[in-house]
Amino acid sequence: MQREGRRDCWEEEIKEKTAVERVRKLVEEDAVVLFSKSGCCISVAAKALLSTLGAHPTVHQLDKEDDGEEMEGALLTMLADPPAVPAVFIGRKLVGGMEQLMSCHITGSLLPLLKEAGALWF
C-alpha cells in the first residue's frame, strides 16, 4: 500500500515537471504568449490590449489542451498570485496576469517590452 502511494506521488511529480517543460517550450516559440481558458473575459481583455498595441499573442487555451490541467498547475507555481489565467509571457519572460499587464501598460513599460521581444515592427 505504501509503495503504491510513492508511485502515485512520483507519477504526479513527473507530470508536473513535464507540464513545466511544455509551458517553457511554448513560451520559447513566440514573442508574446498568452495562456487562457475559453470563455475567460479577462483573457479576452488581455488579448485585446496586446492586439490593439500591434502585438498579436499566440494564445493557448488550457481547457482545450490535453495536458491543460497540468499546465495550469505549472503556471500557478510560476505566478505570485492566482488565478493561473491569463498568464502573459513577453520575450520568454513572465509578465504575469492582467493586473501586471495593465500596470506595465499604465507605467509605459509595456511597449518597450514588446519592442525588445520583437513583437512590434516600429
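The values are calculated or read from the model by the stated rules, or taken from the named source; none is laboratory data. All of these numbers come straight from a predicted model, not from anything done at the bench. All Cβ positions, glycine included, derive from the backbone under ideal geometry; neighbour counts span all protein chains shown. When the accessible area is computed, the model is the full protein with side chains, heavy atoms only, and any ligands, DNA or RNA have been set aside. Shrake-Rupley method; radii C 1.70, N 1.55, O 1.52, S 1.80 Å.
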### Query
Looking at region 109-122, which of its residues are small (Gly, Ala, Ser) and more than 19 Å from Ala45 (Cβ to Cβ)?
Ala117, Gly118
### Task
Can you give me the number of residues within region 40-55 that are hydroxyl-bearing (Ser, Thr, Tyr) and open to solvent by 50 Å² or more (accessible area, probe 1.4 Å)?
1
### Task
Give the residues of region 12-39 that are at pLDDT below 85 and either within 20 Å of Ala55 (Cα to Cα) or open to solvent by less than 80 Å² (accessible area, probe 1.4 Å) (or both), sorted by residue number.
Ile14
### Message
Looking at (1) without any contact (Cβ under 8 Å) to a residue 12 or more places away in the chain; (2) open to solvent by 30 Å² or more (accessible area, probe 1.4 Å), which one does Cys104 not meet, given that it meets all the others?
### Response
(2)
### Task
Would you check which residues across region 30-51 are touching a helix residue (DSSP H, G or I) at 6+ places or on another chain (Cβ under 6 Å) and assigned to a loop (DSSP other than H, G, I, E, B) and list them?
Ala31, Lys37, Ser38
### Task
Scan region 56-79 and give yes if some residue there is of a type in the set (Gly, Ala, Ser), open to solvent by less than 70 Å² (accessible area, probe 1.4 Å), touching a helix residue (DSSP H, G or I) at 6+ places or on another chain (Cβ under 9 Å) and farther than 17 Å from Leu26 by Cβ, otherwise no.
no
### Query
When you go through (1) open to solvent by 80 Å² or more (accessible area, probe 1.4 Å); (2) in a helix (DSSP H, G or I) one by one for Pro83, which number turns out not to apply?
(2)
